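> Quick one: this structure, given as structure tokens, is what I'll be asking you about.
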Amino acid sequence: MDKRKALIILQDLLKIKSVNNHEAQVADYIKLQFDQYPAAQVTVVNYAPGRSNLVITIHGDQPGKTLGLSGHLDVVSPGDIGAWQHPPFAGEMDTENVYGRGASDMKGGLAALIYVLLDLLKQKRSFAGTIRLFATVGEETGNYGAAQLTRQGFADELDALIVAEPSQLQVEYTHRGVIDYELAATGKAAHSANPTAGNNAIDQLFRFNTAINELMAPKTQVDPVLGPLLHNVTQIAGGEQINSIPARARLYGNIRTTPLYPNQPLMAEIEDLVAQLNEQPENELQLTYHYPESPLPGNPQAPFVQLFRKVASNTLGHQVAAVGDGGATDASEFIRAAQKFPVVIFGPGNESGHQVDEYVAIKDYLAAITIYQQVILQFLR
Ligand SMILES: [Zn+2]
């Protein structure tokens, strides 16, 4: 392995400020790396001005399965830059770590995938089937790059998918989904001395709150890895002043879904509940969602998961576990493709994502490269 080259790719990616947008600059950098190899088909899929997804397809010398690899191009805000010991967009490195916003989540994983594919092209490695790398926009704010690529059919032929999100080098095969919803209540203002002349919007939300808690209460099945379905009302606002009946109020809720209670049926139940409440003349409730993300069902015994565990265990010299996680990934969108396929989330990052002085350990980054390389070649043998 050319460790210097591998680290330069990561440092270069970290120097591009793709904070919740400007992904096109990262996509351009990656495209430039692959342009010198005619065997790599590079497709730029524009999302918005300055925001592009990238799809890189490489065919082997024989027909075979299709393996997807994915990483997102965006990073979250660095927050207070003064709090960072290592500047967030400098790609600083010491003997142990590479630092910067996205080092862990997830330019580390993405750079490792890029290095593996460039090396494969350079060495003209033989394999059967197709490798397809997805580099996406907007993962942190709603997975809409992955949604766009899935809608356009780029994921339809996949037989398996690797998502290079930080997993601390554990093999993650299942994760929770999320439903963020907003409920707006419209009432009628009146003097609080004459409340019957008005319609209290806050009372409408309380009625909804009672009803949704009743809807959720019997859903007690616990996913053995991910735990129970979680629902919390997380924000509430409303009213105009203390002696007026409130005409407007708004409530936000967050649901952490599991494969036992997937998004679509739950959303249908909530929509029915709101429709029922709205049949009463005193309620005028409007429900909207903010980028719901599906849970990822998975089977720890799936051959792809087992292959990953075997390769990772051999490389790292200890037994690597198959685990589940609370956070959603771009896989929530890719699994909506035409056919079903197993997904493994595996990456070199750690818990430092979204924090100051985010970093990735150099040894983890290099180990991820070795593991991706072997999994790709063994899966496409
Ligand atoms: Zn991420």
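> Take the residues of the range 315-334 that are outside any loop (DSSP other than H, G, I, E, B) and within 16 Å of the ligand (Cβ to nearest atom): which is nearest to residue 162 (Cα to Cα)?
It comes out as 331.
> Can you find a residue that is among the aromatic types (Phe, Trp, Tyr) and either open to solvent by 70 Å² or more (accessible area, probe 1.4 Å) or in contact with a strand residue (DSSP E or B) (Cβ under 8 Å, 6 or more places away or on another chain) (or both) anywhere in the range 254-261?
no
> Something else about it: Kindly provide the set of residues from the range 56-72 that are away from the ligand (no atom under 16 Å from the Cβ), under 17 Å from residue 340 (Cα atoms) and of a type in the set (S, T, N, Q), ordered by number.
66
> OK, next. Scanning the range 1-34 for residues that are more than 20 Å from residue 136 (Cβ to Cβ) and in a helix (DSSP H, G or I), which turns out most open to solvent (accessible area, probe 1.4 Å)?
Step by step, filter the range 1-34, then rank; the result is 4.
Here is a yes/no grid of residues against (1) touching a strand residue (DSSP E or B) at 6+ places or on another chain (Cβ under 9 Å); (2) closer than 19 Å to residue 30 by Cα; (3) open to solvent by less than 20 Å² (accessible area, probe 1.4 Å):
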site: 129; (1), (2), (3): yes, no, yes
site: 135; (1), (2), (3): yes, yes, yes
site: 140; (1), (2), (3): yes, no, no
site: 163; (1), (2), (3): yes, yes, yes
site: 177; (1), (2), (3): yes, no, yes
site: 185; (1), (2), (3): yes, no, yes
site: 191; (1), (2), (3): yes, no, no
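> Also: Report yes if residue 337 is open to solvent by less than 60 Å² (accessible area, probe 1.4 Å), small (Gly, Ala, Ser), touching a residue at least 60 places away in the same chain (Cβ under 8 Å) and not in a strand (DSSP E or B), otherwise no.
For residue 337, the condition - open to solvent by less than 60 Å² (accessible area, probe 1.4 Å), small (Gly, Ala, Ser), touching a residue at least 60 places away in the same chain (Cβ under 8 Å) and not in a strand (DSSP E or B) - is met.
> Still on this structure: Determine if the range 52-59 includes at least one residue that is in a helix (DSSP H, G or I) and either of a type outside the set (Lys, Arg) or touching a Lys or Arg at 6+ places or on another chain (Cβ under 9 Å) (or both).
no
> I've got another one for you. What number goes with the only condition from (1) farther than 17 Å from residue 73 by Cα; (2) open to solvent by less than 10 Å² (accessible area, probe 1.4 Å); (3) within 16 Å of the ligand (Cβ to nearest atom) that residue 170 does not pass?
(2)
> Do we find a residue being more than 16 Å from the ligand (Cβ to nearest atom), closer than 23 Å to residue 158 by Cα and either modelled with pLDDT of 95 or more or surrounded by fewer than 21 Cβ atoms within 10 Å (Cβ to Cβ) (or both) anywhere in the range 341-353?
yes
> Looking at residue 64, is it of a type in the set (Gly, Ala, Ser), part of a strand (DSSP E or B), farther than 10 Å from residue 14 by Cα and out of contact with any Cys (no Cβ under 6 Å at 6 or more places or on another chain)?
Yes, satisfied.
> So, of the residues in the range 354-363 that are within 16 Å of the ligand (Cβ to nearest atom) and open to solvent by 30 Å² or more (accessible area, probe 1.4 Å), which turns out to be farthest from residue 307 (Cα to Cα)?
Within the range 354-363, the match that is farthest from residue 307 (Cα to Cα) is 355.
> Pull up the range 80-119, narrow it to residues that are at positive phi and within 16 Å of the ligand (Cβ to nearest atom), then point me to the one that is surrounded by the fewest Cβ atoms within 10 Å (Cβ to Cβ).
100
> Based on this model, can you work out whether residue 374 counts as in the same structural domain as residue 109 (by TED's automatic domain parsing), touching a residue at least 40 places away in the same chain (Cβ under 8 Å), open to solvent by 20 Å² or more (accessible area, probe 1.4 Å) and assigned to a helix (DSSP H, G or I)?
yes
> Out of the range 61-78, which residues are open to solvent by 50 Å² or more (accessible area, probe 1.4 Å) and over 20 Å from residue 380 (Cβ atoms)?
Selection gives 77 alone.
> Cβ-Cβ distance below 6 Å, separation of 6 or more or different chains: which pairs start in the range 143-156 with a residue that is touching a residue at least 24 places away in the same chain (Cβ under 8 Å) and of a type in the set (D, E, K, R) and end on one that is open to solvent by 20 Å² or more (accessible area, probe 1.4 Å) and part of a loop (DSSP other than H, G, I, E, B)?
Every condition considered, the pairs that remain are 156/338.
> Checking residue 147 against (1) of a type in the set (A, V, I, L, M, F, W, C); (2) surrounded by 21 or more Cβ atoms within 10 Å (Cβ to Cβ); (3) more than 12 Å from the ligand (Cβ to nearest atom), which test does it fail?
Just one mismatch for residue 147, condition (2).
The values are calculated or read from the model by the stated rules, or taken from the named source; none is laboratory data. For clarity, every value in this text was computed on a predicted model and none was experimentally measured. FYI the Cβ positions are ideal-geometry reconstructions off the backbone, even for glycines, and counts take in every protein chain you see. Ligands, DNA and RNA are stripped out before the accessible areas are found, and what is left, the full protein with its side chains, is counted by its heavy atoms. Shrake-Rupley method; radii C 1.70, N 1.55, O 1.52, S 1.80 Å.
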